[in-house]
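Heads up, the thing below is written out as structure tokens.
The values are calculated or read from the model by the stated rules, or taken from the named source; none is laboratory data. Note that the structure is a prediction, hence the values are computed from the model and not measured. All Cβ positions, even for glycine, are placed from backbone atoms using ideal geometry, and neighbour counts span all protein chains on display.
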Amino acid sequence: MSQVILRGSALEKHYPVKAGLFRRTVGQVRAVDGVDIELRAGETLGLVGESGCGKSTLGRLLMCLERPTGGQLEILGRNALSLDGRSLRRLRRDVQIVFQDPYTSLNPRRTVGDIVAEPFRIHRDVAPRGDIRRRVQELLDQVGLNPEHINRFPHQFSGGQRQRIGIARGIALNPKVLICDEPVSALDVSVQAQVVNLLRQLQRDLGLAYVFIAHDLAVVRHISDRVAVMYLGKIVEQGDEAAIYDRPTHPYTQALLSAVPTPDPKSRGGEGQIVLTGDVPSPADPPSGCRFHTRCWLAQERCSQAEPVLEARPDGVGLHASACHFAAVRV
Amino acid sequence: MAQTKHPARWSEPVEVGDVLLRVEGLKVEFRMREGVARAINGVSFDLAAGQSLAILGESGSGKSVTAQAIMGILDSPPGFVTAGRVLYRGVDLLTLPERERRKVRGAHIAMIFQDALSALNPVFPVGWQIAEMMRVHRGLNRSDAQEQAIRLMERVRIPAARQRARAYPHQFSGGMRQRVMIAMAIALDPVVLIADEPTTALDVTVQAQIMRLLQELQEERQMGLILITHDLGVVADVADRIIVMYAGGLVEEADVLDLYDRPAHPYSRGLLDSIPRLDQKGSDLPAIGGLPPNLLRLPTGCAFHPRCPVAQARCRVDPPPPRVELGPGRAAACHFVVPDADFGRSA
């Protein structure tokens, strides 16, 4: 098994809620609330969950864009939370990010060449100054853009092409990890497939590891080796792609998967479809015990009192991690 | 104007199968500084009572503009309907004066928008906004209208409707806001309901709730439903019939089973092949190459030819026949579809 290059233990990110005249802290939004996570070299870890579940915050924690309020973070074997600015910057070279919105994540007043060259200007020792332009053109070519368009501005490109620009910027420094935060959600279906294919291609060519954050479960399955499902700041189920999609044992994962409309009218009718009632509770005031118990159809008294541990539980074929007192494959 | 004639006809009860809406050769263009964008180039279809029709397309395909033209809420200028008719139970809405048209909106044809937060007024309680429909169109007094609004909120299953009626839009979650929009849309018992990407901004578990609610309401009231979406999964779940749009044109029209089984137009086929599936872990996705065209500079011939895997010289020059009939209720706009042939995906 390949080496672990990213390891978060008991990661927490609580944001204070301030109110009143003196902006006193009146509560905490528990965006990420005790997450253990590992990423191995060259693999893709999918992170799924509904809006507000903390998946994007977790992504930002993993690359030190935000400082966790608790827990440990190890990047390439080094404790990322104790590093000084210089060493952290050096380390960041290996963990880069691609953002969701290709419209707001590119500066409209700078050329594509400037945007993709930015990482080289920050990390000056990576490429000699005279080499930058050539290197940028190589990168554009690598992501399927015309290298001659180096002097164009972002508005001259379509959404899919802009996302390619964001990817070129993300891989410029030859990182080992690329955090992809909803990289295809803003794209049209026909273009989405092109970008997903590009990401797979780059992974094969460069040996990149991805943390792939998305709410589209089908896309995540397509690209991921392992998948973690989040609900209200916690991972509720984690395992190999096949275990999560074919043998989910957590009721939330089961509901999530069954809610995805299948692009096949013959499977209509929804027998076996679970329609959850209610909305996701507020992360500022999560339910006691198991956080899912307010929407769970299996919930018993115990679920509102004791929080289930995320641990390996049988799924009929083997074991994979699930945080439910009554974890079982649904028949 | 036939001011007294058509409302009489419209007050007759609707029977299942009646054609409610007939769009014929609709063309819309946007005249802008950069040039003329041909957003819709001759779209025709029918909608029957009790039927769910999905308009499927990507951004820029003209699916939302079609809905806006039917509703008469096109931004004009720059948008202009340059040809075609929109017949609502026999009356061409495009020829009605604005005063008459206003009576059609909401009462006969209602619409649900994608972004409920910007479609609702932030400074009024939601109950008040739903009640406004009844006050303006039905002339109810304040308290009766408020009661009706609460009943509608209960119908769309907003919990504690009486209290929530006094809340403001920002106090609702995305799913609940969309329920408010639906309550508003069905307030006047419309005959046709147009839903423009009603669940695109919502999470999947909430999406499932909202789609279920829409289906239920449609069956209960036998409305004609037009569902505008880019999501092939949602379409497969609820639609009876589908029209597929590309670059302002209708490329294929079919029953839902036929379209997913045997898509006739290369674009529909490419679209279906390019989506990742939940129950499959494949290698690379068979993506459609290239990009959707710029509406200011549509390609010559068939608008899809630069991305089409089967395009021939002729596709670059001749526009495809707008409707090659392929059987009952099936048509496609392509030079290379053949009636009654086995245009299977296996090929």
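Please go through segment B:281-306 and pick out each residue that is within 8 Å of chain A (Cβ to nearest Cβ) and either within 23 Å of A:Val260 (Cβ to Cβ) or part of a helix (DSSP H, G or I) (or both).
Across segment B:281-306, the qualifying residues are B:Lys281, B:Gly282, B:Asp284, B:Leu285, B:Pro286, B:Ala287, B:Ile288.
Mind counting the residues in segment A:178-208 that are over 14 Å from A:Asp101 (Cα atoms), away from every other protein chain (no Cβ under 12 Å) and of a type in the set (D, E, K, R)?
1
Considering only segment B:43-69, state which residues are part of a helix (DSSP H, G or I), buried (at least 24 other Cβ atoms within 10 Å of the Cβ) and among the hydrophobic types (A, V, I, L, M, F, W, C).
Within segment B:43-69, B:Val65, B:Ala69 meet the criteria.
Based on this model, can you work out whether A:Ile179 counts as in a helix (DSSP H, G or I) and within 22 Å of A:Glu43 (Cβ to Cβ)?
Details: in a helix (DSSP H, G or I): no; within 22 Å of A:Glu43 (Cβ to Cβ): yes.
The answer is no for A:Ile179.
Taking segment A:149-176 only, how many residues are in a helix (DSSP H, G or I) and either among the basic types (Lys, Arg) or more than 18 Å from B:Asp284 (Cβ to Cβ) (or both)?
Step one: filter segment A:149-176 for residues in a helix (DSSP H, G or I), giving A:149-151, A:154-156, A:159-171.
Still in the running and either among the basic types (Lys, Arg) or more than 18 Å from B:Asp284 (Cβ to Cβ) (or both): A:149-151, A:154-156, A:159, A:161-162, A:164-166, A:168-171.
Summing the residues that are in a helix (DSSP H, G or I) and either among the basic types (Lys, Arg) or more than 18 Å from B:Asp284 (Cβ to Cβ) (or both) in segment A:149-176 gives 16.
Please go through segment A:173-215 and pick out each residue that is in contact with a Pro (Cβ under 8 Å, 6 or more places away or on another chain) and not aliphatic (A, V, I, L, M).
Correct list: A:Asp188, A:Ser190, A:Phe212.
Residues checked against (1) more than 14 Å from chain B (Cβ to nearest Cβ); (2) surrounded by 16 or more Cβ atoms within 10 Å (Cβ to Cβ); (3) closer than 21 Å to A:Arg109 by Cα:
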| residue | (1), (2), (3) |
| --- | --- |
| A:Pro128 | yes, no, no |
| A:Asp131 | yes, no, no |
| A:Asp141 | yes, no, no |
| A:Arg169 | yes, yes, yes |
| A:Pro175 | yes, yes, no |
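Of the residues A:Val280, A:Val317, A:Val329, which is crowded, with 20+ Cβ neighbours inside 10 Å, touching a residue at least 12 places away in the same chain (Cβ under 8 Å), at negative phi and β-branched (Val, Ile, Thr)?
Selected residue: A:Val280, the only one of A:Val280, A:Val317, A:Val329 that is crowded, with 20+ Cβ neighbours inside 10 Å, touching a residue at least 12 places away in the same chain (Cβ under 8 Å), at negative phi and β-branched (Val, Ile, Thr).
Given the structure, is B:Ala183 surrounded by 23 or more Cβ atoms within 10 Å (Cβ to Cβ), without any contact (Cβ under 8 Å) to a residue 24 or more places away in the chain, touching a Leu at 6+ places or on another chain (Cβ under 9 Å) and within 26 Å of B:Ser118 (Cα to Cα)?
Details: surrounded by 23 or more Cβ atoms within 10 Å (Cβ to Cβ): yes; without any contact (Cβ under 8 Å) to a residue 24 or more places away in the chain: no; touching a Leu at 6+ places or on another chain (Cβ under 9 Å): yes; within 26 Å of B:Ser118 (Cα to Cα): yes.
The answer is no for B:Ala183.
Results for (1) within 22 Å of A:Ala259 (Cα to Cα); (2) of a type outside the set (A, V, I, L, M); (3) in contact with a Leu (Cβ under 9 Å, 6 or more places away or on another chain), shown as yes or no for each residue.
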residue: B:Asp189; (1), (2), (3): no, yes, no
residue: B:Leu213; (1), (2), (3): yes, no, no
residue: B:Arg221; (1), (2), (3): no, yes, yes
residue: B:Val234; (1), (2), (3): yes, no, yes
residue: B:Ile243; (1), (2), (3): no, no, yes
residue: B:Val256; (1), (2), (3): yes, no, no
residue: B:Leu259; (1), (2), (3): no, no, yes
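So is A:Val116 in a helix (DSSP H, G or I), among the β-branched types (Val, Ile, Thr) and either within 23 Å of the chain's Cα centre (by Cα) or more than 24 Å from A:Thr57 (Cβ to Cβ) (or both) or not?
Considered against the rule, which asks whether it is in a helix (DSSP H, G or I), among the β-branched types (Val, Ile, Thr) and either within 23 Å of the chain's Cα centre (by Cα) or more than 24 Å from A:Thr57 (Cβ to Cβ) (or both), A:Val116 comes out as yes.
Looking at (1) among the aliphatic types (A, V, I, L, M); (2) over 18 Å from B:Leu56 (Cα atoms); (3) buried (at least 18 other Cβ atoms within 10 Å of the Cβ); (4) under 26 Å from the mean Cα position of the chain (by Cα), which one does B:Leu271 not meet, given that it meets all the others?
With respect to (1) among the aliphatic types (A, V, I, L, M); (2) over 18 Å from B:Leu56 (Cα atoms); (3) buried (at least 18 other Cβ atoms within 10 Å of the Cβ); (4) under 26 Å from the mean Cα position of the chain (by Cα), B:Leu271 is out only on (2).
Can you name the residue in segment B:156-205 that is assigned to a loop (DSSP other than H, G, I, E, B) and closer than 21 Å to B:Val123 by Cβ and, of all such residues, is nearest to the other protein chains (Cβ to nearest Cβ)?
B:Ser173
What number of residues within segment B:219-234 are hydrophobic (A, V, I, L, M, F, W, C), closer than 20 Å to B:Gln68 by Cα and within 11 Å of chain A (Cβ to nearest Cβ)?
Of the residues in segment B:219-234, 0 are hydrophobic (A, V, I, L, M, F, W, C), closer than 20 Å to B:Gln68 by Cα and within 11 Å of chain A (Cβ to nearest Cβ).
Which one is nearest to A:Ile37 (Cα to Cα) among residues in segment A:76-96 that are outside any helix (DSSP H, G or I) and among the basic types (Lys, Arg)?
A:Arg78
Restricting the search to segment B:70-105, which residues are in a helix (DSSP H, G or I), closer than 19 Å to B:Asp196 by Cα and without any contact (Cβ under 8 Å) to a residue 40 or more places away in the chain?
B:Val104
Output the number of the condition that B:Leu272 fails; it satisfies all remaining conditions of (1) touching a residue at least 40 places away in the same chain (Cβ under 8 Å); (2) assigned to a loop (DSSP other than H, G, I, E, B); (3) at the interface with chain A (Cβ under 9 Å from one of its Cβ atoms); (4) touching a helix residue (DSSP H, G or I) at 6+ places or on another chain (Cβ under 7 Å).
(2)
From the list B:Arg99, B:Arg89, which residue is surrounded by fewer than 21 Cβ atoms within 10 Å (Cβ to Cβ), of a type in the set (Lys, Arg) and at positive phi?
B:Arg89 is the lone residue from the list that is surrounded by fewer than 21 Cβ atoms within 10 Å (Cβ to Cβ), of a type in the set (Lys, Arg) and at positive phi.
How many of the residues making up segment A:202-236 are of a type in the set (Asp, Glu) and out of contact with any Leu (no Cβ under 8 Å at 6 or more places or on another chain)?
Selection size over segment A:202-236: 2.
Do the conditions hold for B:Ala264, that is, is it within 11 Å of chain A (Cβ to nearest Cβ), at negative phi and not basic (Lys, Arg)?
Here the answer is no, as B:Ala264 does not meet what is asked.
Determine which single condition A:Pro263 fails, assuming it passes every other condition in (1) at the interface with another protein chain (Cβ under 8 Å from one of its Cβ atoms); (2) within 23 Å of A:Val29 (Cβ to Cβ).
The one condition A:Pro263 does not meet is (2).
Across segment A:222-260, what is the number of residues that are facing chain B (nearest Cβ under 7 Å) and either part of a strand (DSSP E or B) or buried (at least 24 other Cβ atoms within 10 Å of the Cβ) (or both)?
Final tally of qualifying residues: 2.
Quick check on segment A:276-293: of everything there that is within 13 Å of chain B (Cβ to nearest Cβ) and of a type in the set (S, T, N, Q), which residue is nearest to A:Thr249 (Cα to Cα)?
In this case the residue turns out to be A:Thr277.
Considering segment A:149-162 alone, what residues qualify as being more than 12 Å from chain B (Cβ to nearest Cβ) and modelled with pLDDT of 90 or more?
Residues satisfying the conditions are A:His149, A:Ile150, A:Asn151, A:Arg152, A:Phe153, A:Pro154.
For segment A:295-314, which residues satisfy the criterion of being surrounded by 18 or more Cβ atoms within 10 Å (Cβ to Cβ) and within 13 Å of another protein chain (Cβ to nearest Cβ)?
A:Arg295, A:Cys296
Return a yes/no flag: does segment B:240-249 have any residue that is at the interface with chain A (Cβ under 8 Å from one of its Cβ atoms) and closer than 30 Å to A:Ile223 by Cα.
Restricting attention to segment B:240-249, the residues satisfying the condition of being at the interface with chain A (Cβ under 8 Å from one of its Cβ atoms) are none.
Within segment B:240-249 (the criterion being at the interface with chain A (Cβ under 8 Å from one of its Cβ atoms) and closer than 30 Å to A:Ile223 by Cα), the answer is no, since none of the residues qualifies.
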